[in-house]
Structure formats: structure tokens, C-alpha cells
Amino acid sequence: MAVSTLTLAMTLALAGCASTPPPDGILNQAQAQLRAARDADAAVYDPIDLGNAQDKFQQAQNAMAKRDYDVAAQLADEARASAELARAKARLGAARSQIQNKTSANQQLREQIDQSLADQQQQDQNQPANLPPPQQTTDMPAPPSSALGEPVPQGQGFQTYPQNPNPDQPAPSSSTDQGGHL
């Protein structure tokens, strides 16, 4: 009986030493995610999840110091997950902030455009009142319609060729007559 108790105690002692190895990789991942969350301004956009991640990471480091590797691995994984969440929320918050800034800038531009259009319309309405009244031009009046229909007396009007000085000879015929009067 004493031998079996001694064997059992040795087995338990060896099992405790040969348990889980230190979770250095998980702790490094958690620390990298914490850094990334801080760089993404998680302290501004999601301080609760960032604080939770930092607390879990501190607890994981304390468990490592006590050589409680299973608990340290679990806490480091929780710290990593909380840091990833804080980083994602920080990126979302930053994007929303940029959208809000752009929306505000666009609204200001729209208001400036509307104001400029209103000013231009006001100037357009006031401008004709500032102009002098139009002056009447003194063009020649059109002849009455009866004057246009009267025939032109013989020997008056346009000539396309010179008058024949010798009445005994007939006037030369021209194929280049341009509609003149004879």
C-alpha cells in the first residue's frame, strides 16, 4: 500500500511538470493586438473593450508568473479577442468620424452655393433697374406699300449698259444682262 501511494504521488508530480508549456505565442499575439488597438485610437473610440483587453493581459502575465500556464493561455486569448474587438470598433469610429466631417463640409459647400445663387439672382433682378432706358433710334421709315408698286418711268433706274448715243443703231444685246432696265 505504501508503494502504491508513493507511485501515485510521483505520477502526479510528474504530470504537473509535464503539463501545458508556457503560452508565449498567445501572449505575444495578445500584446501585438493591444498595440494595434492603441494605434487605432481605441482609447478614444472604444475605451471599455481596450481596458478589458489590458486587464485580461495583465491577469495573463500574473498567471504566467505563477506558472499557471493553462489560465495564462486562456486569459491571453481573451485579451487578444478583446483587443481585436477594440481595434475594429476604433476603426469603425474613425471612419464614422471622417464621414461626419465630410458630410458637414459638403453641407457647408451646398449652403455657400445656394447663397451665391441667391446673391446672383438678386443682382440679376436689380441690374435692369440700374440701366438707362433704351433710346429710340431714328432709322429711315419704310416707304409706303403704294410706292413700291409703281412702275419706274422710262430712262430712270439702273442701267446695265450705257445708253446708245446713236438712236439709229439698235442697242447691243448682252447675254450678261443682270436684270437692269432698258
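The values are calculated or read from the model by the stated rules, or taken from the named source; none is laboratory data. Keep in mind that what you see is a predicted model, and the values were worked out from it rather than measured. We work out accessible area using only protein heavy atoms, side chains counted, and drop any ligands, DNA or RNA first. Shrake-Rupley method; radii C 1.70, N 1.55, O 1.52, S 1.80 Å.
Per-structure values
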| read-out | value |
| --- | --- |
| Hey, ALA95 modelled with pLDDT under 90 and open to solvent by less than 80 Å² (accessible area, probe 1.4 Å) or not | no |
| Single condition SER82 does not satisfy, out of (1) more than 16 Å from GLN29 (Cα to Cα); (2) small (Gly, Ala, Ser); (3) at pLDDT 95 or above | (1) |
